[in-house]
Structure formats: structure tokens, C-alpha cells
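I'd like to ask some things about the structure below.
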Amino acid sequence: MDLAEFNRLPADEARNVLRPCLDVDRWIDAVIAARPFPDLDSALESARNDATPLRTDEIDAAMSHHPRIGEKAKGQSAEAAHSSREQAGLGTLDDEVQSQLAAGNAAYEERFDRVFLIRAAGRTPAEVLSELQRRMDNTDADETAEVGEQLIQIAALRLEGILA
């Protein structure tokens, strides 16, 4: 699909394209309402701006589609396919990194009561581990804001992949 086709889609079909990017109705409705976009950069800017900031309830709902970092997404959904592609950039994780991620994920979940979410695309396993360790020192409010920002980055990358 390209941008011109996305601009022409009926709202219901556009919703189906956008939902795997970020499952937040407010965001989906805002992006659809902002069409037509003159170029990809405008679409991505709208996608980022229309999501900012995500509310805690929106973050919680959107998080239900994200697997733990370092784990394969389950199922055949569009969200699972996106997640698998994004995490593929981390490469095959050696046993030590896999072990550190598992321990870090468990500690993070104990601390924040949600899975650790990070935009994996473009990051190395060492960068992901470093961010996981850094974010353990966040306050609950700071971490919620950071998770929201990561969701927005992921949504923009996914939308770019669909429209490019």
C-alpha cells in the first residue's frame, strides 16, 4: 500500500490499517481525520503528534499486543508480524543475552507491573539491555511517559513500513 491508496481508503478500511500500528481509538480517529496527507513525512508527523501524549489507559490497552523483548510474538495477527520483524533486527540472541533479558524482563515486570517495551528496531541487544537497566530507576510516572513515547515511536515506524 502506498500513501495515495491510504488517503483514498474508506475510514473503516483505514482503521484496519492503523490498528496494528497503535491500538488506540483516539489516535486512529485523529490520523484518519487528518487525511489526505500530501507526503509520507506529513503522515508520520501527524501520527506522532496525534498520539502525544498517550494516556495511561491508552498505554495499558496498547501494551496488550506487545510481547516481551527477546520473545517471539504469538499468533498470526498483524501486530505479531510487526513485532517479529522489529525484534528480528536484534539478531539471534546468545544464551547470555537471552538470560540477561529474561532476568531484566522479570525484574521490570515486578517493578512496573507491565512488560518492558522498547522500540527494538535499530537497536542492538546491548542497547536494549542498557535501556532496560536505566529505566529500572524511573519513577512510575516517568516510566509510563517513556512507555508512551516508545509506543509512539513504534507506531510511526510501523506506519512508515506500511506506507513506504
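Which of the residues that make up region 1-30 are over 16 Å from the mean Cα position of the chain (by Cα), among the hydrophobic types (A, V, I, L, M, F, W, C) and not in a loop (DSSP other than H, G, I, E, B)?
Matches in region 1-30: 3, 4, 6, 11, 14, 30.
Taking interchain pairs and intrachain pairs at least six residues apart, which have beta carbon atoms under 8 angstrom, with the first residue in region 41-69 and under 28 Å from residue 125 (Cα atoms) and the second surrounded by fewer than 18 Cβ atoms within 10 Å (Cβ to Cβ) and basic (Lys, Arg)?
From region 41-69, the pairs are 58/26; 60/114; 63/114; 67/74.
Please work out if residue 83 is open to solvent by less than 20 Å² (accessible area, probe 1.4 Å), among the polar types (S, T, N, Q) and at pLDDT below 95.
Yes: the conditions hold for residue 83.
Follow-up. In this structure, is residue 122 modelled with pLDDT under 90 and open to solvent by 40 Å² or more (accessible area, probe 1.4 Å)?
Working: modelled with pLDDT under 90: yes; open to solvent by 40 Å² or more (accessible area, probe 1.4 Å): yes.
Taking the combined requirement at face value, the residue satisfies it.
Return the residues of region 31-60 that are of a type outside the set (A, V, I, L, M) and in a loop (DSSP other than H, G, I, E, B); say none if nothing qualifies.
Taking region 31-60 first, the residues of a type outside the set (A, V, I, L, M) are 35-39, 41-42, 45-46, 48-50, 52-53, 55-58, 60.
Listed by number, the residues that qualify are 35, 36, 37, 38, 39, 52, 53, 55.
Next up: What is the residue count in region 141-164 for residues that are without any contact (Cβ under 8 Å) to a residue 60 or more places away in the chain and loosely packed, with under 13 Cβ neighbours inside 10 Å?
Adding up the residues that qualify gives 2.
Condition check ((1) under 18 Å from residue 117 (Cβ atoms); (2) modelled with pLDDT under 95; (3) open to solvent by less than 80 Å² (accessible area, probe 1.4 Å)) across all residues:
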position: 31; (1), (2), (3): no, no, yes
position: 36; (1), (2), (3): no, no, no
position: 39; (1), (2), (3): no, no, yes
position: 46; (1), (2), (3): no, no, yes
position: 54; (1), (2), (3): yes, no, yes
position: 62; (1), (2), (3): yes, yes, yes
position: 70; (1), (2), (3): yes, yes, yes
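Restricting the search to region 126-140, which residues are exposed (fewer than 14 other Cβ atoms within 10 Å of the Cβ) and part of a helix (DSSP H, G or I)?
First, pick out the residues of region 126-140 that are exposed (fewer than 14 other Cβ atoms within 10 Å of the Cβ): 126-127, 130, 133-134, 137, 139-140.
Hits for region 126-140 are 126, 127, 130, 133, 134, 140.
The values are calculated or read from the model by the stated rules, or taken from the named source; none is laboratory data. Model, not experiment: these values are computed from the prediction. In this analysis, Cβ positions are derived from the backbone assuming ideal geometry, glycine residues included, and neighbour counts consider all displayed protein chains. When the accessible area is computed, the model is the full protein with side chains, heavy atoms only, and any ligands, DNA or RNA have been set aside. Shrake-Rupley method; radii C 1.70, N 1.55, O 1.52, S 1.80 Å.
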